[in-house]
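Below is one structure; the comments refer to it alone.
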Amino acid sequence: MKKLILILTLPFSILVFSLPSYAEWTKIGENVKGNTFYVDFERIRKQGGYVYWWDLNDLLKPDKDGDLSYTIYTQGDCKLFRYKSLSEVYYKQNMGKGTPSTNTQKNPQWEHPPPNSMVESILKEVCSR
């Protein structure tokens, strides 16, 4: 029975966590390191006073783990202008391609975006929609 459940849930899990790589990404900008940031505006959701979205960070150079991109599922609070990352998915290839490696945040903390940062730009953009 356990094998059957594993066989049935594995394809679903792969599909769910690879969906961001097939998203319709809109470029928001680049940071000083040359990394490019995108948001999938078609998948923004508003619920209970919060906004939820996927963003993609495409790296110019691999990070310390050899990843070239990652997607983040984020919860935003537009009234208090803060955010928290709920889930991160890392990829060895650019633009969210390749085999995903997931990191789900346990009890993420609210953060306020630094002034003039890409996080601030993204939060402003998703809150304006």
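No value in this document is a laboratory result; all are computed from the given coordinates. The model shown is predicted, which means the values in this text are computed figures rather than measured ones. Note that each Cβ is placed from the backbone with ideal geometry, even for glycine, and that neighbours are counted across all protein chains shown.
Comparing Cα centroids, segment 72-91 and segment 92-129 end up 5 angstrom apart.
Rounded to 0.05, the FRET efficiency of the Asn94 and Ser117 pair, given R0 = 25 Å and the Cβ-Cβ distance, is 0.70.
Straight-distance candidates among the aspartates and glutamates for linking to Lys79, with alpha-carbon spacing under 18 Å and chain neighbours fewer than 8 residues away dropped: Glu111, Glu120, Glu125.
Output the pairs from Lys92/Lys124; Lys46/Lys84; Lys33/Lys106; Lys27/Lys64; Lys33/Lys92; Lys33/Lys97 with a Cα-Cα distance over 26 Å in this structure; if there are none, say none. Pairs exceeding the cut-off: Lys92/Lys124; Lys33/Lys106.
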